[in-house]
Amino acid sequence: MNRAYYSDTISSFLLAKPATIIGTMSLCSEFADDPLQKTAWVEEIRILQDVLTPFSGSIYFEYSIPRMGKRIDALLLVNQLLFVLEFKIGEEEFPAYAVDQVWDYALDLKYFHETSHDKYIIPVLICTKARNSYTHLIQSRKSFIVNCSAN
């Protein structure tokens, strides 16, 4: 079973056309991927292709968490760092439910996903229309805490 709709190295992802990535995700999706979903994927890909240039590692889109019956928007594995990315396309604030959502994903990977036990796990909420934000990165026993808030 492939747990992600799309997975590749970051270097290959950076060279891939968004339409190719979306086509792969659409073919792997077990749900109807409506135009709103595809628009979100396009924005996620654009953002990540803009910021990941200096990094190497692996990327996974729509990563399944079977225990929760949910999917993580994107995972990045860079060295021993596992970034759990939750996108809220068009969101102007950092809603509490979304913060809880990305935390739940990170905690599930930390405690119930064997291959993540030795990784630093960093949950990140990305609200694409938030005007002002600040980020705090705090290390805490094999995990990081990222607090992002709108001003």
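The values are calculated or read from the model by the stated rules, or taken from the named source; none is laboratory data. These figures come from a predicted structure and were not determined experimentally. A quick note on method: Cβ atoms are made from the backbone with ideal geometry, for glycine too, and the neighbour counts reach across all protein chains shown.
Would you be able to say whether some residue in the stretch 16-25 is within 22 Å of Cys127 (Cα to Cα), loosely packed, with under 14 Cβ neighbours inside 10 Å, in contact (Cβ under 8 Å) with a residue 24 or more places away in the chain and out of contact with any Leu (no Cβ under 9 Å at 6 or more places or on another chain)?
no
Provide a single number: the residues in the stretch 88-125 that are among the basic types (Lys, Arg) and either assigned to a loop (DSSP other than H, G, I, E, B) or within 20 Å of Gln37 (Cβ to Cβ) (or both).
2
Which pairs turn up if I take residues in the stretch 29-51 that are at pLDDT below 85 and look for partners that are not in a loop (DSSP other than H, G, I, E, B) with beta carbon separation below 7 Å, at least 6 apart in sequence or on another chain?
Pairs that qualify, where the first residue is at pLDDT below 85 and the partner is not in a loop (DSSP other than H, G, I, E, B), are Ser29/Tyr5; Asp33/Ser26.
Quick one: Leu77 ticks every box in (1) on the phi < 0 side of the Ramachandran plot; (2) touching an Asp or Glu at 6+ places or on another chain (Cβ under 9 Å) bar one, so which box is it?
(2) is the only condition that Leu77 fails.
Can you tell me which residue in the stretch 41-65 is nearest to Lys88 (Cα to Cα), limited to those that are of a type outside the set (Gly, Ala, Ser) and assigned to a loop (DSSP other than H, G, I, E, B)?
In this case the residue turns out to be Leu52.
If you go through the stretch 105-121, how many residues are surrounded by 14 or more Cβ atoms within 10 Å (Cβ to Cβ), over 11 Å from Ile65 (Cα atoms) and not hydrophobic (A, V, I, L, M, F, W, C)?
4
Can you pull out the residues in the stretch 67-84 that are farther than 14 Å from Ser116 by Cβ and out of contact with any helix residue (DSSP H, G or I) (no Cβ under 8 Å at 6 or more places or on another chain)?
Gly69, Arg71
Since Ile65 meets every condition but one in (1) surrounded by fewer than 16 Cβ atoms within 10 Å (Cβ to Cβ); (2) touching a residue at least 12 places away in the same chain (Cβ under 8 Å); (3) among the β-branched types (Val, Ile, Thr), which condition does it not meet?
Every listed condition holds for Ile65 apart from (1).
Somewhere in the stretch 114-124, is a residue modelled with pLDDT under 85, more than 26 Å from Val42 (Cβ to Cβ) and within 16 Å of the chain's Cα centre (by Cα)?
yes
Could you list, ordered by first residue, the pairs with Cβ atoms under 7 Å in which the first is in the stretch 99-125 and farther than 14 Å from Ala74 by Cα and the second is aliphatic (A, V, I, L, M) and buried (at least 18 other Cβ atoms within 10 Å of the Cβ), at least 6 apart or interchain?
Qualifying pairs under 7 Å: Val99/Leu125; Lys110/Ile121; Ser116/Leu82; Ser116/Leu109; Lys119/Leu82; Tyr120/Leu82.
Would you check if there is a residue in the stretch 81-88 being surrounded by 14 or more Cβ atoms within 10 Å (Cβ to Cβ) and free of Cβ contacts under 8 Å to residues at least 24 places away in the same chain?
Scanning the stretch 81-88, I find no residue that is surrounded by 14 or more Cβ atoms within 10 Å (Cβ to Cβ) and free of Cβ contacts under 8 Å to residues at least 24 places away in the same chain, so the answer is no.
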